[in-house]
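The values are calculated or read from the model by the stated rules, or taken from the named source; none is laboratory data. Computed from a prediction, not measured in an experiment: that's the story for all the values here. Quick reminder, even Gly has a Cβ in these numbers, built from the backbone with ideal geometry, and neighbours come from all protein chains shown.
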Amino acid sequence: MQKVFNEVNTSDKKCYEQYGLSEDLLMEHAALSMALFIQEKFEPGESVLIVCGAGNNGADGIALARLLFAKYDVHLFLPLGIKSKMAQLQLQRAQNIGIKPIEQLLPCSVIVDCLYGSGLNRDLDEFSIKIIHKLNQIKAFKIACDIPSGINQEGQLCPVCFKSNVTITMGAQKTALYTDLVKDFVGKVHVASLGLHRSLYEGETNIFLLDKFDMEIPFRLLSNTHKGTFGHLAVIVGEKKGAGILAADAAYCFGASLVTTISHQNLTLPYHIMQCHKLPENTTAIAIGMGLGNYADFEINEILNTNLPKVIDADLFYDEVIIDYLKDNLVLTPHPKEFCSLLKLCKIADIGVDELQNNRFKYALMFSAKYPNIVLYLKGANAIIAYDFKLYINKYGSAVLSKGGSGDVLTGLIASLLAQGYNPLNATISASLAHSIAANKYEQNNYALTPEDLIMEIKKL
């Protein structure tokens, strides 16, 4: 996993004061990283439009123009003028080799957005909004320098944003690039080297970006095993019984030796899923909440009061009963509306979904501060896992998963790993990655995925 930061000014300052790397030197490396990316992807002679702001993000772009000049058809556009000392210095250097800024936007093969970057702390003015709208309308490959213009430090739109194919962010990963609100604007994120290894540039953080190799698939490495070796999961099946059945099937296919549904209804189950009216004595984990509805038939307090590891989902996030059982060995998997209800029940915040989506990291950390021993999985385009006041971001979510039943499969995956002995954090990280990565491997139309398709892809991981 990679470290992620709310800001990197502290790291820049360390470079100046501790390593003797000047602002000018860092800027040259930033520009060189962008130049190398363009040179690797595009043939010499292609037209490159670099749109620069008045500050140091613009200065990065002007330095890039100088590095590409003569090899590419470079057009430097300075719609906001030049203000910072570094921008003035870089413009003089560019002019010294013959670069002349253009007066209006031109068609091109590549657009590099260097208007604002991570320094934006206000809504854009009308003139900047018009420029971004025009840039978004041009058919070209689009690169954002540091952060697409129009995204502030909190990862909110102000109110429009440059839509990039690639964002080349400077020095380190930034939280602003991984909010749900900006997922359709940042494209693929590359971290530019600023002249030293990232381990030296980066400091301490409590936020991390998950990578594919953080997924620990429950492969069976021992031969001397039996059907009790890999756990026994109990899945509570409620009124909307399909949700629990999907979770049970997903859990079985992700390695749990035994899966039993707990229900007083007559269920039509796959042959490999068992049914009982109470928890089996050898239960090693519980999944509860999905499709629960009216649970008068269940001894919910008795189920929740067990010391077994549990995944809680869906309907229970609207019920005060959950408050008495927020303790160790617990994974919560709410979607945004459910999380808003949970925050209110826990007396952490009384907010709506829009406020949450604008500040997902903030509220996930607030919950983790009050309940550090509980694993929270906040669903979204970029899911957030919170535990012990640390955040883990799963960037692999996609619209393929925007279907009923996908969340039930996720619950089953997490519960399966809990039943097999994973700790709650590792179970959630691995199941989350398996869920997203399997969905991304689906080869049919992206609107067509069913929960059964998703389970089939998980089998292939």
field: Single residue of region 393-420 satisfying the filter (of a type outside the set (V, I, T), outside any helix (DSSP H, G or I) and touching a strand residue (DSSP E or B) at 6+ places or on another chain (Cβ under 9 Å)) that is nearest to L222 (Cα to Cα)
entry: Q420
- request: Select from region 331-360 the residues that are touching a residue at least 24 places away in the same chain (Cβ under 8 Å) and touching a Pro at 6+ places or on another chain (Cβ under 7 Å) and write down the one among them that is surrounded by the most Cβ atoms within 10 Å (Cβ to Cβ).
  value: V331
- prompt: If you go through region 270-304, how many residues are in contact with a Phe, Trp or Tyr (Cβ under 6 Å, 6 or more places away or on another chain) and in contact (Cβ under 8 Å) with a residue 40 or more places away in the chain?
  reply: 0
task: Run A386 past the list (1) touching a residue at least 12 places away in the same chain (Cβ under 8 Å); (2) surrounded by fewer than 24 Cβ atoms within 10 Å (Cβ to Cβ) and report the number of the one that doesn't hold.
output: (2)
message: I need a count of the residues in region 235-266 that are part of a strand (DSSP E or B), farther than 17 Å from D315 by Cβ and among the hydrophobic types (A, V, I, L, M, F, W, C).
response: 2
task: Return the residue satisfying two criteria in turn: it lies in region 297-322 and is among the β-branched types (V, I, T) and assigned to a helix (DSSP H, G or I), and of such residues it is nearest to the chain's Cα centre (by Cα).
output: I322
field: Unmet criterion (only one of (1) touching a residue at least 24 places away in the same chain (Cβ under 8 Å); (2) among the acidic types (D, E); (3) out of contact with any Gly (no Cβ under 7 Å at 6 or more places or on another chain)) for E43
entry: (1)
message: Among (1) over 23 Å from L124 (Cβ atoms); (2) touching a helix residue (DSSP H, G or I) at 6+ places or on another chain (Cβ under 7 Å); (3) not acidic (D, E), there is one condition K100 misses while meeting the rest; what is its number?
response: (2)
- request: Can you give me the number of residues within region 73-113 that are within 35 Å of the chain's Cα centre (by Cα) and assigned to a strand (DSSP E or B)?
  value: 8
task: Could you tell me whether I286 is part of a helix (DSSP H, G or I), surrounded by 18 or more Cβ atoms within 10 Å (Cβ to Cβ) and in the same structural domain as Y422 (by TED's automatic domain parsing)?
output: no
task: Check region 200-216 and report whether any residue there is exposed (fewer than 15 other Cβ atoms within 10 Å of the Cβ), modelled with pLDDT of 95 or more and more than 30 Å from L120 (Cβ to Cβ).
output: yes
- prompt: Given the conditions (1) in contact with a helix residue (DSSP H, G or I) (Cβ under 7 Å, 6 or more places away or on another chain); (2) surrounded by fewer than 24 Cβ atoms within 10 Å (Cβ to Cβ); (3) part of a helix (DSSP H, G or I), and given that L177 satisfies all but one, which numbered condition is not satisfied?
  reply: (2)
message: Anything in region 361-383 that is in contact (Cβ under 8 Å) with a residue 60 or more places away in the chain and aromatic (F, W, Y)? List them, or say none.
response: F361
task: Might you check whether a residue that is surrounded by fewer than 19 Cβ atoms within 10 Å (Cβ to Cβ), more than 30 Å from L461 (Cβ to Cβ), assigned by TED's automatic domain parsing to the domain that holds E320 and more than 30 Å from the chain's Cα centre (by Cα) occurs anywhere in region 270-279?
output: yes
message: Name the single residue that is farthest from the chain's Cα centre (by Cα) among those in region 1-23 being part of a helix (DSSP H, G or I) and not acidic (D, E).
response: Y16
query: If you go through region 330-345 one residue at a time, do you hit one that is touching a Lys or Arg at 6+ places or on another chain (Cβ under 6 Å) and within 16 Å of V375 (Cα to Cα)?
result: yes
message: Can you say whether K142 is among the charged types (D, E, K, R), modelled with pLDDT of 95 or more and either within 22 Å of L181 (Cβ to Cβ) or not assigned by TED's automatic domain parsing to the domain that holds V189 (or both), as far as the supplied structure shows?
response: yes
task: Go through region 254-271 residue by residue and tally those that are in contact with a strand residue (DSSP E or B) (Cβ under 8 Å, 6 or more places away or on another chain) and closer than 18 Å to L454 by Cβ.
output: 2
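Let's see how each residue does on (1) modelled with pLDDT of 95 or more; (2) within 15 Å of A192 (Cα to Cα); (3) not in a helix (DSSP H, G or I):
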residue: L25; (1), (2), (3): yes, yes, no
residue: H29; (1), (2), (3): yes, yes, no
residue: L32; (1), (2), (3): yes, yes, no
residue: L36; (1), (2), (3): yes, yes, no
residue: Q39; (1), (2), (3): yes, yes, no
residue: V51; (1), (2), (3): yes, no, yes
residue: G58; (1), (2), (3): yes, no, no
